[in-house]
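The next block holds one structure in the form of structure tokens; read it before the comments.
The values are calculated or read from the model by the stated rules, or taken from the named source; none is laboratory data. As the structure is a prediction and not an experimental result, all values here were calculated from the model. Heads up, the Cβs are rebuilt from the backbone with ideal geometry, glycines too, and the neighbour counts pull from every protein chain shown. Quick note on the areas: whole protein, heavy atoms, side chains included, nothing else; ligands and nucleic acids left out. Shrake-Rupley method; radii C 1.70, N 1.55, O 1.52, S 1.80 Å.
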Amino acid sequence: VLESLCDTEKMSWYVRANALSFLGTFRVYHSFSLSEDQDRRLKLLCVRSLRDERPEVHDAAMNALTGFLSSMDDDYVRKHVVKFVKDASKRIPKKELAEKRRVSLNRRHGGLIGLTAVVRAFPYSMRTFLPDALVCLSNHLNDPAPLNKTAQKALTEFKRTHQDTWTK
């Protein structure tokens, strides 16, 4: 049902954003009753929705993914960090068709939003995969808007939640 609600061609952005908000809450309360396949499909839905053009939708996907990642083991999260870094590092063609440029921009932005979800999932601890995520985010501070704003927000959030432990 959630997969059909998040179909970009059939549903409005408002329905997609609310379905993803529901998904985050639903998974918290029903994680033990979901099969591995159902859980995997819900995570995949969140990751796919990070590339949505509407900010409301990819923000809802980021919030849901943050909840997913905070309950996963480090190896699983590290695999996602590698995938998000790869997506965020994709080149955006300068003189290509508008459609191809838009798709590349959405993919890069989705990678940055995914890295933001990783940073937000571990607010007061320094996991081994966080430096790679932070380096990738800092490499995108000079990108065009909204990419640079996404990277800046993630780094600001990291600083806010981790500056108490910088002396250690």
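Quick notes on this structure:
- Per-region count, the stretch 17-68, residues more than 24 Å from residue 82 (Cα to Cα) and open to solvent by 80 Å² or more (accessible area, probe 1.4 Å): 6
- Hits in the stretch 8-54 (condition: outside any helix (DSSP H, G or I) and either among the charged types (D, E, K, R) or without any contact (Cβ under 8 Å) to a residue 40 or more places away in the chain (or both)): 9, 10, 11, 12, 32, 33, 34, 35, 51, 52, 53, 54
- Of 99, 157, all but one fail to be in contact (Cβ under 8 Å) with a residue 24 or more places away in the chain, open to solvent by 40 Å² or more (accessible area, probe 1.4 Å) and closer than 21 Å to residue 58 by Cα; the exception is 157.
- Selected residue [at pLDDT 90 or above and hydroxyl-bearing (Ser, Thr, Tyr)] from 8, 66: 66
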